[in-house]
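Quick notes on the structure that follows.
The values are calculated or read from the model by the stated rules, or taken from the named source; none is laboratory data. Fair warning: this is a prediction, and the values are worked out from it, not measured in the lab. Because the Cβ atoms are built from the backbone with ideal geometry, glycine has one as well, and the counts that use them run over all protein chains shown.
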Ligand code: DC
């Protein structure tokens, strides 16, 4: 059978990465977390002290940075920036905001597009992001748009950050999430929106297992036809 591609888009905290990881294991796909790539660009921008929303400042940095995506023995995606493993460094609330800012720049999106598409040419993938079904893989075999109420998404993100030992308040997480949703949905370049042919799944009242099963069922139905 040809390579399968599953696009899973939606706002932060809807459960995309957790569900996509589980689905990848279940179906033998590779899980591609595209947000991590934008976060890596954001980290580089932060390190040189550039303004993440300025195309003039960010664009010249792109050609000189080496971004690589690797998979470790457990199948987890690792991000390398100029050879350094930055997979943990990119997981802070500050890097979420930097990633959101750099991702609004068309120059950054164009620079990262081929890297994402080549993954889907070489492997069966489940790829999560904001524009996978609309821009990166418009011909994906299955498109899912995963959402949940903002308060529930913030609650999940807050628990995740707590578990990682990051100090923050729920209110702060909710506020930053709302800002990021607005940035990501209202930008001109590849905004977060449901592809016309994407199936919407609202996980607000679902457990993780229920969400995973709902997504798996959609994929099974689509792949069989
Ligand atoms: O999924 P995430 O929270 O790690 O993504 C971080 C930011 O990157 C997000 O706020 C918007 C941007 N992003 C994007 O514009 N397009 C994608 N396909 C993935 C992420």
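A few points about this structure:
- Among the residues listed as 74, 53, the single one being surrounded by fewer than 18 Cβ atoms within 10 Å (Cβ to Cβ), outside any helix (DSSP H, G or I) and within 14 Å of the ligand (Cβ to nearest atom): 53
- Residue count for region 1-19, restricted to those that are farther than 15 Å from residue 118 by Cα and within 14 Å of the ligand (Cβ to nearest atom): 12.
- Of the helices (runs of 4 or more DSSP H) lying entirely inside region 125-225, those carrying at least 1 residues that are over 17 Å from residue 17 (Cα atoms) and under 16 Å from the mean Cα position of the chain (by Cα) are 170-186.
- In region 31-38, the condition of being away from the ligand (no atom under 14 Å from the Cβ), assigned to a loop (DSSP other than H, G, I, E, B) and touching a helix residue (DSSP H, G or I) at 6+ places or on another chain (Cβ under 9 Å) is met by no residue.
- Residue 137 closer than 24 Å to residue 29 by Cα, buried (at least 18 other Cβ atoms within 10 Å of the Cβ), in contact with a helix residue (DSSP H, G or I) (Cβ under 7 Å, 6 or more places away or on another chain) and at pLDDT 95 or above: yes
- Selection within region 104-124 - part of a helix (DSSP H, G or I) and in contact with a helix residue (DSSP H, G or I) (Cβ under 9 Å, 6 or more places away or on another chain): 106, 107, 108, 109, 111, 112, 113, 115, 116, 117, 120
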